Amino acid sequence: MNEDLTILAIETSCDETAAAVLKGSNTILSNVISSQVKYHEKFRGVVPEIASRKHVELIGPVIKEALSEAGLILSDIDAIAVVNGPGLVGALLIGLGVAKGLAYAAKKPLICVNHIEAHILANFLENEDLKPPLVALVVSGGHTALVYMKDFGEYEIMGETLDDAAGEAFDKVAKFLGLGYPGGPIIDRLAKEGDPAAIDFPRAMMRAKNYDFSLSGLKTAVINYVRAERAKGNEINVNDLAASFQAAVIDVQVAKAIRAAKEKGASRLVLAGGVSANRSLRIRMKEEAEGEGIRVYNSSLILCTDNAAMVAKAAYEMIKKDPSLIEIDAARNMDANAYPVLSLGNI
Ligand code: KG4
Ligand code: ZN
């Protein structure tokens, strides 16, 4: 395999329209992200139909910009990568359709990437000493999970949320308080000025002997607290509320992530997904895990939230593990269950 191959990646799973070009293992030639936040914020949440329509408008210019920033044209690219799930189906279909079209027109191989795997692998773009095995805490607007990564392509979901995702809880609490969208960065900012011990919110499933999470009860506890205080005529200290809510989310995540790493004997823990941009989560996880001899990795903020550089990285590792994904060759003997490689034939 050519270790320096260039991959054009596309990401449209939610409300960011993104394209990136990666050269080799970790040289990001371009990483273009067009956020649709301004179209969704008046609804204080992502509206799937709007997301799909905006992806249609933005995907062409975003891909063009990613190629031109990289100083390349489509024919220079070795492979095209695209997220095909999990995500909003209508939104995913836009990226997937465009990727198929480009691959067909330019006669390039197409690699389909799992969005969660891409979030985890974002950490490998900037941390050259990072390697599996590791435990990843994946916390985003759509997912909350603890994943054991034994090796590239070998993942085990140890636990996940039984209801709301972590980012969803931040967004819903912010929405209830009328703070704006997306709620995570706003609550993060307000919490810096607040007291995390001011209000004793529940730490759901903290002591449960599994790796699952539950966040909808916490959201309800915040709503009930605010209503009760307002009924008593008390002013709400939004900074204290933000800090106390955030601490309740983070306490459980830190405790369970460290326990999961210890169970697997993993000395590395990675933080992935949009919520891993949270300042307090990063600090607390580092402080507590490093006391247990577990090294914590995270990435710069632009690679935590949805982007296509992480998608290209995931595709790169898939190709490295299985070069036949792009170097289709004739096989004398073939397992009857051999998965047909995504080639022009099945586009
Ligand atoms: O990974 P992402 O961009 O999209 C999904 O795959 O869902 O994550 C977006 C989520 C949103 O819910 C947003 O509120 C949250 O990440 N988020 C944060 C922070 N920055 C983004 N949550 C807490 N603290 C932050 N600093
Ligand atoms: Zn995501």
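The values are calculated or read from the model by the stated rules, or taken from the named source; none is laboratory data. What you are looking at is a predicted structure, and each value in this text was computed from that prediction instead of being measured. Every residue, glycine among them, receives a Cβ derived from its backbone with ideal geometry; neighbour counts consider all protein chains shown.
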Can you tell me which residues in segment 125-145 are more than 19 Å from G184 (Cβ to Cβ) and either within 16 Å of ligand 2 (Cβ to nearest atom) or in a loop (DSSP other than H, G, I, E, B) (or both)? L125, N127, E128, D129, L130, K131, P132, P133
The residue that is farthest from the chain's Cα centre (by Cα), considering only those in segment 94-115 that are over 24 Å from E49 (Cβ atoms) and within 16 Å of ligand 1 (Cβ to nearest atom), is V113
Yes or no: G95 part of a helix (DSSP H, G or I) and without any contact (Cβ under 8 Å) to a residue 12 or more places away in the chain? no
Criterion violated by S34 - all others in (1) within 21 Å of L325 (Cβ to Cβ); (2) touching a strand residue (DSSP E or B) at 6+ places or on another chain (Cβ under 6 Å); (3) modelled with pLDDT under 95 satisfied: (1)
Selection over segment 169-208 where residues are among the aliphatic types (A, V, I, L, M), closer than 16 Å to T220 by Cα and more than 19 Å from the chain's Cα centre (by Cα) yields a count of 6
Number of positions in segment 82-121 that are among the aliphatic types (A, V, I, L, M) and in contact with a helix residue (DSSP H, G or I) (Cβ under 6 Å, 6 or more places away or on another chain): 12
Contact list, first residue from segment 290-311 and over 15 Å from T17 (Cα atoms) and free of Cβ contacts under 8 Å to residues at least 60 places away in the same chain, second anywhere and among the small types (G, A, S) and in a loop (DSSP other than H, G, I, E, B), beta-carbon distance below 7 Å, six or more apart or interchain, is G293/S267; I294/S267; R295/S267
Looking at segment 116-144 only, could you name the residues that are among the β-branched types (V, I, T) and either more than 16 Å from ligand 1 (Cβ to nearest atom) or farther than 24 Å from S299 by Cβ (or both)? V135
By residue number, the members of segment 171-184 that are within 15 Å of ligand 2 (Cβ to nearest atom) and either closer than 15 Å to N239 by Cβ or not in a helix (DSSP H, G or I) (or both) are P182
Subset of segment 175-213, residues touching a residue at least 24 places away in the same chain (Cβ under 8 Å), within 15 Å of ligand 1 (Cβ to nearest atom) and of a type in the set (G, A, S), comes to G180, G184, A191, G194
